[in-house]
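One structure below.
Derivation of every value follows stated rules applied to the coordinates shown; laboratory data play no part. This structure is a prediction, so every number in the text was calculated from the model and none was measured. Backbone-built Cβ (ideal geometry, glycine too); neighbour counts: all protein chains shown.
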Amino acid sequence: MILCGCGHVKSAKKLIRQAKRDHGACEVISQKETEESVEVVLKDELQGFEYTVRSYMSDLNIDGSSFGSLPDTSDSFERALMDHVLAQTKTDYEAVCRKYGAVLDNKVALELTIPKGTDAKAAGEEVAALLCAYNKNNRMDRFKLYIRDEEHSHLGSCYLSDGRFRTPEEEKTDDIKEEAHRLLQATDNRRGELTFVKKETGTFADTGLPLSRVEQVMGSEYPKTMSDPVTFYYFKTENQEFYIADFIDNQTWNKYTTFDPEKEKKKKKSHLHISFHIG
């Protein structure tokens, strides 16, 4: 049975409007429209590089069978931005790489490979400082420079929001903090204050859940018995305290949390009624 997909490609006008909303002012270099796809090439006004946004119908194939197609969109902005920054800093970062015997590439992810025993913090922060200088309008805040050794051991990373080196454990804590912010932003109280309280280690039994709730993620450690360790990251808002645990809950496909979105509903202010009696 072959199912036809729903939807259609976006117009060039819609793609341009979306690009301006997502990335800022741009100049249209070219656009090409067919029934199957629409492609626009744009030039970023802030930093002068070109990127492509495309809308097309993507084939839906499952186990070798075709189930029609669905509309999809590709956007090369982030890749083009990083390529531009690397081109601008090439002379400087190559000098730093020679100093440490390191290699920087951006084939899959932005990655600095250093010889075993090299100071990962020093090397990473020197390279990151060069890249951070091109973080205009905070548009590279989500980018990371990953640092690994020659044996492919992950040593940490430098976020291009501030250039500061973080160990793998610090990375994990930052990722959990971002998850907590996303939880709050999805509620009525999305602009409320969120405070990280502490993290502590317990056991899976402390969650009060059955082991059947744990999603077994390939390549990751996850609790297999009630006594296996679990790290709890505690937060508070103005309305509740909650934690996020470091395992995937198979009911949500996110990290397990006791966060309750219902508690973040804004309390409606009661109206004050004043009556005047003239007598």
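When the Cα atoms of the chain are aligned to their principal axes, the ranges along those axes come out at 78, 61, 56 Å in descending order.
Our summary gives the chain a relative contact order of 9 percent, counting only alpha carbon pairs under 8 angstrom and 6 or more residues apart.
Residue-normalised convex hull volume from the C-alpha trace of the range 16-151: 139 Å³ per residue.
Modelled this way, with points 7 Å down the Cα-to-C-beta line, the labels at N138 and A186 are 2.2 nm from one another.
Three principal axis extents of the range 131-225 based on alpha-carbon atoms, in descending order, are 49, 46, 22 Å. Taking max minus min of the alpha-carbon positions on each principal axis, the range 80-166 gives extents of 36, 25, 22 Å, largest first. When each of R190, R139 is scored by the number of other beta-carbon atoms lying within 10 Å, the sequence from fewest to most is R190, R139. Note on the range 192-260: with charges restricted to the Cβ of Lys and Arg (+1) and Asp and Glu (-1), its dipole about the Cα centre is near 120 debye.
Can you pull out the GluC sites (Glu not before Pro) in the range 120-184 that DSSP calls coil and that have at most 16 other Cβ atoms within 10 Å?
Working: sites: E125, E126, E150, E151, E169, E170, E171, E178, E179; in loops: E150, E151.
Passing both the DSSP loop test and the Cβ count: E150, E151.
Annotation: the residues L131, L184, sorted from fewest to most other C-beta atoms within 10 Å of their own C-beta, follow the order L184, L131.
Charge tally for G124 (other residues, Cβ to Cβ under 14 Å; Lys, Arg +1; Asp, Glu -1): -2.
Simple point charges give the picture: +1 on the Cβ of Lys and Arg, -1 on the Cβ of Asp and Glu, and for the chain a dipole about the Cα centre of about 1140 debye. The modelled label-to-label distance between Y222 and E151, using points 7 Å beyond Cα along the C-beta direction, is 2.8 nm.
State the answer as a single residue: which of G124, T258, Q185 lies farthest towards the positive end of the charge dipole of the chain, with beta carbon charges of +1 for Lys and Arg and -1 for Asp and Glu, about the Cα centre. Checked the options; the winner is Q185.
Using helices alone, what [θ] at 222 nm do you get for the chain, with -39,500 (n - 2.57) per DSSP H run of 4 or more residues, divided over all residues and rounded to the nearest 500?
On the way: 4 runs with 67 residues, N = 279.
Counting only the DSSP helices, I get -8000 deg cm²/dmol.
Here the spin labels are modelled as points 7 Å beyond Cα on the Cα-Cβ line, and at D119 and S30 they lie 4.9 nm apart.
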